[in-house]
1. Hey, could you check the range 665-684 for residues that are charged (D, E, K, R) and in contact with a Leu (Cβ under 8 Å, 6 or more places away or on another chain) and say which is surrounded by the most Cβ atoms within 10 Å (Cβ to Cβ)?
2. Can you tell me which residue within the range 442-485, out of those that are more than 30 Å from the chain's Cα centre (by Cα) and over 23 Å from residue 504 (Cβ atoms), is surrounded by the most Cβ atoms within 10 Å (Cβ to Cβ)?
3. Please work out if residue 662 is surrounded by fewer than 17 Cβ atoms within 10 Å (Cβ to Cβ) and of a type in the set (Gly, Ala, Ser).
4. Quick check on my filter: what residues within the range 356-374 are in a loop (DSSP other than H, G, I, E, B) and under 19 Å from residue 223 (Cα atoms)?
5. Suppose the filter is buried (at least 17 other Cβ atoms within 10 Å of the Cβ), under 18 Å from residue 420 (Cα atoms) and either under 22 Å from the mean Cα position of the chain (by Cα) or in the same structural domain as residue 414 (by TED's automatic domain parsing) (or both); does residue 592 pass it?
6. Among (1) at pLDDT below 90; (2) of a type in the set (Asp, Glu); (3) farther than 22 Å from residue 415 by Cβ; (4) outside any loop (DSSP other than H, G, I, E, B), which single condition is residue 585 missing?
7. Checking residue 411 against (1) in the same structural domain as residue 620 (by TED's automatic domain parsing); (2) within 30 Å of residue 543 (Cβ to Cβ), which test does it fail?
8. Here are some residues: 76, 37. Which one is free of Cβ contacts under 8 Å to residues at least 40 places away in the same chain and surrounded by 19 or more Cβ atoms within 10 Å (Cβ to Cβ)?
Amino acid sequence: MSQLLIAKIAVPVPLYGLFDYRLPDALAAVIKPGCRVRVPFGRKHHVGMVIELSDHSDYPLDKVKFIDECLDTQPVLPTEMLDLLKWAASYYQHPLGEVIFSALPKGIRQGDAAELKQESVWRLSEAGRVASADQLKRSPKQAALLVYMQQARREQTRSEQMSAAQLNADWENWRASLKALVEKGLLVQEQRSPLELVGDHGVAQAAPIELNPQQAEAAQAVIESLNRYQTFLLQGITGSGKTEVYLAVIEAVLAQGQQVLVLVPEISLTPQLTRRFTQRLDTEIVSLHSGLNDTQRHAAWVKASQGSARLVIGTRSALFTPMPQLGLIILDEEHDASFKQQEGFRYHARDLALVRARQKNISVLLGSATPSFETLENVNRGQYQRLQLTQRGAISARPPTVSLLDVCRRPMQDGISEQMFNKIAEHLQNGGQAMLFLNRRGYAPLLMCHECGWTTACSRCDANMTLHQHNRRLRCHHCGHEKAAPSVCPECQQDTLYVPGAGTERIEMALKEKFPEVVVSRIDRDTTRRKGELHDKLEQAREGHAKILIGTQMLAKGHDFPNLTLVGILDVDQGLFSADFRGTEHMAQLIIQVAGRAGRGDKPGEVILQTHHPEHPLLHTLLETGYNGLAEQALQERKDAGFPPFSHMAILRCEATQKESGQQFLNECREAFNYQNVQVFGPLPAPMERRAGRYRWQLILLASERKFLHAALRVWLPQVTKLKSASRVRWSIDVDPQDMF
């Protein structure tokens with residue numbers, strides 16, 4: 001047949017392969033790859049994506065269903081994005097339909113038009129600004145809503161124009177009251193772009209900072225490579241001014257009429273980077289991250305895909321944003337584990353950024369003070385070019401002094417040694433700020449009975465439940481199970497319960513007791529759950545109002561506190577004995593990143609590592625030879641052991657309510673595996689065998705070359721899907737896993 005009759009469609013279902021549909025005559029000349037269509041699938045109708053057009057189907061034409069409708073006149077995904085997503089689905093062994101639709105904003109996934117929308121906002125009218133709530137005595141909800149709008153305008157804590165998303169955060173069933181206030185002339189309803197409600201609009205422009213010789217040399221090297229594929233590692237000590245290098249290179253790309261994509265690991269870093277770029281760059285910038293509502297994400301995505309937004313800053317999923325004039329990709333903190341998606345489509349944004357750049361023939365700039373060992377090995381092999389910044393950006397700033405504090409046999413108060421308390425008092429007296437780092441939230445990691453040894457074991461996980469003292473609740477940080485903390489031991493009925501160990505909540509209470517006149521701020525997931533809380537706490541710290549900070553790894557990444565002079569890391573030891581072969585790498589990265597918060601301004605910084613193992617060789621290697629020295633030693637150990645990056649790994653994971661089901665499934669998987677050049681280990685129970693009431697097992701595959709591993713996976717996984725035991729478990733494949741747990 002010469003006429004195109006068949007469209008091969010990717011549908012967002014957990015099934016591999018494409019699905020054939022017939023084209024109505026009216027659509028034959030309109031439909032193209034990258035267009036969305038609505039199709040019947042089983043008993044439902046789905047939005048699907050056209051991948052290929054063909055004149056042939058392997059099925060009888062009378063059995064092939066027709067497409068219902070085409071939703072686009074032009075492709076929403078250009079060919080280059082389809083190619084990237086097809087490559088990713090093949091590499092990570094994930095169904096193409098799920099890969100494609102996970103890369104799209106919610107509205108685009110559901111069939112909304114790929115065009116800019118307007119969003120309703122409400123503001124006070126002139127009458128509303130001076131109106132009294134007493135005028136609305138008979139309508140208490142209207143009165144409360146009016147006061148809320150007036151207070152927001154007075155305090156300038158929120159935008160004067162309120163969107164539906166902002167109102168939903170603080171009110172329930174507000175629409176009828178709001179409509180009544182509009183009808184009474186106290187409020188005005190307007191239409192605005194949703195992106196006008198976020199970001200730093202109207203920020204004063206800042207003059208460029210003169211680059212030091214190292215920064216200028218690094219920027220020039222990248223600028224000279226634009227318009228060809230090249231990967232650079234910008235390795236700079238913390239505070240060395242990597243962002244200034246980014247800005248210089250971005251200005252050069254924008255001057256060529258191209259777009260730039262900047263990826264950051266955490267949502268908390270996006271606003272501060274956006275603000276800095278807005279101050280320096282006269283161009284349209286959009287953000288893409290989970291903190292935006294669906295309408296805002298849709299608008300940002302459309303602006304980027306149409307080319308009007310020249311700079312996109314986002315977290316890992318922003319990698320899949322179509323950008324027709326893309327000229328450079330930057331990954332800040334490239335080592336961060338957040339760039340790896342840990343469920344569903346398990347991709348690594350850094351690795352896919354390199355694939356996208358190679359397909360587009362553009363450069364990639366990876367920035368980090370503590371590059372991943374994979375990246376360092378690629379530098380060693382000559383695949384990446386390293387650009388180094390060894391001086392802090394500020395003229396007066398110097399790297400902090402770092403020392404070990406041996407706490408063996410020394411008295412401790414709630415996890416803090418007397419020497420640490422004294423150091424905090426010394427730095428506060430000298431006008432500095434102090435930060436204590438502990439990567440464990442809550443009050444204490446468990447409750448224990450001194451009489452019989454009972455502990456707060458989670459009934460659903462192989463882990464203890466954490467005590468949260470403020471509401472006397474026990475909470476499992478792995479499955480979310482929660483219950484009231486007992487006042488007596490459930491086993492022996494004695495009132496001899498005590499709390500070994502400490503979490504950030506306990507540290508906060510101890511510091512407030514020790515320094516009652518000082519503002520203490522705790523920054524962790526428990527204190528930043530509500531929208532805006534993290535931003536407010538970080539601003540409080542930057543302005544110097546909070547003199548003592550306590551936090552988890554949320555504080556380790558990229559934050560700049562100019563008056564912070566002391567950093568204390570309270571439990572270095574938990575990173576020394578990890579069951580994961582990447583444990584050494586993660587420990588070193590965390591120490592260097594946290595330590596880098598100290599001494600970034602005019603005052604010298606000091607870092608103290610509190611440890612029970614002051615003679616541990618890893619700590620001494622890190623302090624004496626720095627991160628690069630430790631990495632060189634650890635890479636040699638990995639090479640000797642045959643671990644990545646000197647081999648290629650995949651993990652087949654499964655979980656089941658019955659312990660035997662997972663073990664049986666993986667045994668059958670192993671029996672079906674018969675491929676040379678690939679080693680198989682297991683079935684093995686996961687390091688945390690039981691989580692959320694399900695038993696977890698894994699099969700580890702290791703190959704010396706990537707091609708051997710992927711050749712085996714392509715043939716083996718279709719066999720796995722057909723096993724009868726597969727229906728009794730949840731299973732997934734993780735290619736290039738970053739987490740062994």
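The values are calculated or read from the model by the stated rules, or taken from the named source; none is laboratory data. Keep in mind that what you see is a predicted model, and the values were worked out from it rather than measured. Glycine gets a Cβ as well: all are built from the backbone with ideal geometry, and neighbour counts include every protein chain shown.
1. As a first pass, look at the range 665-684 and keep what is charged (D, E, K, R): 668, 670-671.
Subset that is in contact with a Leu (Cβ under 8 Å, 6 or more places away or on another chain): 668, 670.
Numbers: 668: 17, 670: 15.
So, considering only residues that are charged (D, E, K, R) and in contact with a Leu (Cβ under 8 Å, 6 or more places away or on another chain), the one surrounded by the most Cβ atoms within 10 Å (Cβ to Cβ) is 668.
2. Selected residue: 449.
3. Details: surrounded by fewer than 17 Cβ atoms within 10 Å (Cβ to Cβ): no; of a type in the set (Gly, Ala, Ser): yes.
Here the answer is no, as residue 662 does not meet what is asked.
4. Just the residues of the range 356-374 that are in a loop (DSSP other than H, G, I, E, B), to begin with: 361-362, 369-372.
Passing the criteria: 361, 362.
5. Numbers: buried (at least 17 other Cβ atoms within 10 Å of the Cβ): yes; under 18 Å from residue 420 (Cα atoms): no; either under 22 Å from the mean Cα position of the chain (by Cα) or in the same structural domain as residue 414 (by TED's automatic domain parsing) (or both): yes.
So residue 592 fails the test.
6. (1)
7. That leaves (2) as the condition not met.
8. Values: 76 fails: free of Cβ contacts under 8 Å to residues at least 40 places away in the same chain.
Every option except 37 fails the conditions.
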